[in-house]
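Here's the structure we're looking at; comments come further down.
The values are calculated or read from the model by the stated rules, or taken from the named source; none is laboratory data. Every value quoted in this text rests on a predicted model; they were computed, and no experiment measured them. Note that we place each Cβ from the backbone using ideal geometry, even for glycine, and neighbour counts take in every protein chain shown. SASA here: full protein model, heavy atoms, side chains in, ligands and nucleic acids out. Shrake-Rupley method; radii C 1.70, N 1.55, O 1.52, S 1.80 Å.
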Amino acid sequence: MKYNTLRQLAGLSFTVLLTGLVMTSCEEDSDGRPQYEAGNPVAATIAPDSAAAGTVVTLTGSGLGDMRTIVFEKDNVPAGFQPTLNTDQALIFRVPDDVVGGVQNVTFTNSAGRTVSVPFRVLAYPTVSNVSNYNFRKDSEITITGNNLDDVVSVKLTGTSDMATVVSKEKRKLVVKMPATTANRATLDIINGTGLLRTTQELVNIDKSYQIFTDTYGTGFQDGSWGDAGAVSTKEFKSGTASVGKTYQKGNWHLIAFANWSTSAISYSADYTYVSGWIKGASADYTLYLTTDASKAGFGNFDDKNKIDVKAGVWNYFKLKISDIDFWLPGKKLSQVGFRIQGPDKQDETFYFDDIVLVK
């Protein structure tokens, strides 16, 4: 009886030990990665077979569970993936943000160094986050920042046949020289190896605009400021060679004025759609109010629709739709355009103004 009991206990211990070994062989390793044999990987399908950065992609096949690296061929860009989410038959990964566009192989490598490669087309449309200037003349150079700009093949003014010249191109920066054009304003059609981007940024042709101040006062215009006069500066400018500066005296609520008392003062025209320009900020953030003598409120008034928030120390672009603000009543001539401040309260402040224009 005692002998049989000992045999049963020994058999039970062996069974427990064997079960423990089997369970251990199925457990994940120390980094949470399921254990798979590093065999010869085989790729069956990849879906989708073309995609942009950030897209989730699935590779199916066999022997895929032990993969350690995924690399896109162009510039050897690695892709991140989460091993714990994958199986021996399916591998999920994401197209990396800094991937290079075009057809290329994606190579998968396991812990034994065995690889499998799959052709894939990276969709890397150009993107634009910023432009150095919203205004241009013939031969003006505009710097465009964004992504996927290194393989740009053409830049054209939307709706025209007018092509800009590509001066230089990098992945995140493109410099173009603007063409002569009869367009008053236009977005840009940028084409790279993947396809077309039409910019949301619209550029204004200064040569086709009504110029209040560019490098000099426009025809018939002169300074008509309250307090300290405006002064042309060749040290501060957004484009060209000069701007006009205005010091607003502490607490005086003054304004800079561009005045045209001549017969060339412009009569109302519904063809003018926007008023635009650049303002370089002072020592702190302020609000300036656009005002005209052709407005309903009258020159020097403050209208919330006409507010322009001006960030300190940098050039700020504004483009206001004339029909949305109190700017120009039908039948009136536009003789004064000004920018007024409430304050400044702490000290005198100087602002600079450039490319103040009306745009059709």
Lone qualifier among Arg68, Arg121 - being of a type in the set (Lys, Arg), over 21 Å from Lys171 (Cβ atoms), touching a residue at least 12 places away in the same chain (Cβ under 8 Å) and part of a strand (DSSP E or B):
Arg68
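Residue by residue, here is whether (1) closer than 20 Å to Arg340 by Cβ; (2) hydroxyl-bearing (Ser, Thr, Tyr); (3) free of Cβ contacts under 8 Å to residues at least 40 places away in the same chain holds:
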site	(1), (2), (3)
Leu203	no, no, no
His254	yes, no, no
Ser264	no, yes, no
Val275	yes, no, no
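Any residue that is surrounded by fewer than 20 Cβ atoms within 10 Å (Cβ to Cβ) and either of a type in the set (Phe, Trp, Tyr) or under 30 Å from Gly61 (Cα atoms) (or both) - is there at least one of those in region 158-167?
The answer is no, given that none of the residues of region 158-167 is surrounded by fewer than 20 Cβ atoms within 10 Å (Cβ to Cβ) and either of a type in the set (Phe, Trp, Tyr) or under 30 Å from Gly61 (Cα atoms) (or both).
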The one condition Gly193 fails out of (1) surrounded by 15 or more Cβ atoms within 10 Å (Cβ to Cβ); (2) touching a Ser or Thr at 6+ places or on another chain (Cβ under 7 Å); (3) part of a loop (DSSP other than H, G, I, E, B) is (2)
Taking only region 262-284 into account, find how many residues are open to solvent by 30 Å² or more (accessible area, probe 1.4 Å) and assigned to a strand (DSSP E or B).
3
Members of region 203-237 that are closer than 30 Å to Leu149 by Cα, open to solvent by 60 Å² or more (accessible area, probe 1.4 Å) and either of a type outside the set (D, E, K, R) or in contact with a Phe, Trp or Tyr (Cβ under 8 Å, 6 or more places away or on another chain) (or both)
Phe237
List every residue pair whose Cβ atoms sit under 7 Å apart, with the two residues 6 or more apart in sequence or on different chains, where the first one lies in region 100-116 and is farther than 28 Å from Asp151 by Cα and the second, anywhere, is acidic (Asp, Glu).
Asn110/Asp66; Ser111/Asp66
What is the one condition in (1) open to solvent by less than 50 Å² (accessible area, probe 1.4 Å); (2) under 19 Å from the mean Cα position of the chain (by Cα); (3) polar (S, T, N, Q) that Thr200 does not satisfy?
(1)
Tally, over region 285-322, of residues that are in a loop (DSSP other than H, G, I, E, B), open to solvent by 40 Å² or more (accessible area, probe 1.4 Å) and either hydroxyl-bearing (Ser, Thr, Tyr) or farther than 19 Å from Gly230 by Cβ (or both)
8
Some residue of region 240-261 being within 15 Å of Glu349 (Cα to Cα), in a strand (DSSP E or B), of a type in the set (A, V, I, L, M, F, W, C) and open to solvent by 20 Å² or more (accessible area, probe 1.4 Å)
no
Restricting to region 97-123, what's the tally of residues that are modelled with pLDDT of 95 or more and under 28 Å from the mean Cα position of the chain (by Cα)?
5
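Residue-wise test of (1) modelled with pLDDT of 90 or more; (2) at positive phi; (3) surrounded by 13 or more Cβ atoms within 10 Å (Cβ to Cβ); (4) of a type outside the set (D, E, K, R).
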position	(1), (2), (3), (4)
Tyr36	no, no, yes, yes
Asn40	yes, no, no, yes
Ile46	yes, no, yes, yes
Ala53	yes, no, yes, yes
Ile70	yes, no, yes, yes
Phe81	yes, no, yes, yes
I'd like the full set of residues that are assigned to a loop (DSSP other than H, G, I, E, B), of a type in the set (A, V, I, L, M) and within 13 Å of Ala51 (Cα to Cα), limited to region 93-118.
Val95, Val99, Val100
